Amino acid sequence: MPTAAARRPRKAPAPASVTPISFAQAIATAYQRRGLRPDGALKLAQITPALLRDPRARMTARQMEVLSGAAMQELDDEGLGAFTRRLPWGSYGMLARASLTAPDLEVALKRWCRHHGLLTDDVRLGLDVAGPLATITVEERRPPPPELRELSLAFLLRNIHGLACWYVDSRIPLLGAAFPFAAPPHADAYAHMFPGALEFGAPAAQIRFDARYLKLPLRRDERALAQMLQRALSITVRQYRRDRLLVPQVRQALAADPERSRSAQALADLLHVSERTLHRQLKEEGASLQQLKDEVRLQRAKDLLYRTGKPVKQVAAAVGFRNEKSFSRAFRAWTGMSPAALRGQG
């Protein structure tokens, strides 16, 4: 028979307090620079004076959300004092709406960065694509006051990253983030805010991610935007458990489990999507299942030809061909040469 303790419902784990209190201190400074007191916003976020004074203290993401939201409305400034002119409440919602009709994430982000320059020319945001890497960079033309700089740059990059994830309804893992200031005492908190490789003392603030996400279509409409704007500051990567970039998942499944992924239905089952969804999402990403199968088979065939002495007939069977003749024909179409010729080059 279970004990009384065992019968009690388990409490949900308390949210982790990982956001540095220095961000709250920066918001308090924004109030002071306007000749106002932050007491009401701090009380709303349950941040006590003692907590605010403790340089080692941390707060939860929810406390930060409540505090910054209250401050932005009370100061009527979504830039929280970082720019030479205020960004009135609703500015970032207006930017999100202006990009909502973009055909894909790349157009949406470029549009967002360009429109941000209409709000303030203190910073310029830009999206650059170099091969497989997409980078969003913040160019500081007029840096904010030193006590507001860290919060401003972190907020800008978190905001655009979260918005990108929201637009395509997908988790977009960061490959790296960089900041143009020395590592602060609370540098460990950045691993939670910007998962991926971190660099401090960099030339500019930026985030980097896989450029293939840029081709994903936007999945949001005006109704979804209205709902999001009710709690726009809560947008984070963590709420998107699903990664909608399917091409690398398909490649990995085809290479790691060829027997269980020979048919489209078997592969779809392996990836926990419907066969229809599999084909549709691959098309959205500019790929086809046959194309990916050919790529994986070609790479596997090359590895076997280069690294083993197996006869071509055995290589053909290993990569899923019924006979050597059909394999040689396909191989020549892929590479412009026969399997024997490629092996001879090795």
Condition check: part of a helix (DSSP H, G or I), aromatic (Phe, Trp, Tyr) and either farther than 30 Å from LYS215 by Cα or assigned by TED's automatic domain parsing to the domain that holds ARG212 (or both). Does PHE327 satisfy that? yes
Among (1) in contact (Cβ under 8 Å) with a residue 60 or more places away in the chain; (2) surrounded by fewer than 16 Cβ atoms within 10 Å (Cβ to Cβ), the one test that ASP128 misses: (1)
Counting only residues that are at positive phi and either surrounded by 16 or more Cβ atoms within 10 Å (Cβ to Cβ) or at pLDDT below 95 (or both), how many does region 177-201 have? 1
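How many residues are in a helix (DSSP H, G or I) and of a type in the set (Ser, Thr, Tyr) when one looks only at region 156-205?
Number of matching residues: 2.
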Taking the options LEU229, LEU271, name whichever one is aliphatic (A, V, I, L, M), over 28 Å from GLY131 (Cβ atoms) and at pLDDT below 85. LEU229
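May I ask you to say which residue of ARG111, ARG158 is crowded, with 17+ Cβ neighbours inside 10 Å, basic (Lys, Arg) and at pLDDT below 95?
ARG158
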Going through region 18-70 in order, the residues found to be aromatic (Phe, Trp, Tyr) and touching a Lys or Arg at 6+ places or on another chain (Cβ under 7 Å) are TYR31
Determine if region 300-307 includes at least one residue that is on the phi < 0 side of the Ramachandran plot and without any contact (Cβ under 8 Å) to a residue 12 or more places away in the chain. yes
So how many residues does region 294-324 have that are among the basic types (Lys, Arg), under 19 Å from ARG251 (Cα atoms) and surrounded by fewer than 19 Cβ atoms within 10 Å (Cβ to Cβ)? 1
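Residue by residue, here is whether (1) loosely packed, with under 13 Cβ neighbours inside 10 Å; (2) assigned by TED's automatic domain parsing to the domain that holds PRO184 holds:
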{"site": "THR48", "(1), (2)": "yes, no"}
{"site": "LEU52", "(1), (2)": "no, no"}
{"site": "MET59", "(1), (2)": "no, no"}
{"site": "ARG62", "(1), (2)": "no, no"}
{"site": "GLY69", "(1), (2)": "no, no"}
{"site": "THR84", "(1), (2)": "yes, yes"}
I'd like to check something: does region 202-215 contain any residue that is exposed (fewer than 15 other Cβ atoms within 10 Å of the Cβ) and modelled with pLDDT under 90? no
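Among ARG171, ARG220, which is touching a helix residue (DSSP H, G or I) at 6+ places or on another chain (Cβ under 7 Å), in the same structural domain as PRO143 (by TED's automatic domain parsing) and over 20 Å from GLY286 (Cα atoms)?
Just a single option satisfies the conditions, and that option is ARG220.
The values are calculated or read from the model by the stated rules, or taken from the named source; none is laboratory data. As the structure is a prediction and not an experimental result, all values here were calculated from the model. All Cβ positions, even for glycine, are placed from backbone atoms using ideal geometry, and neighbour counts span all protein chains on display.
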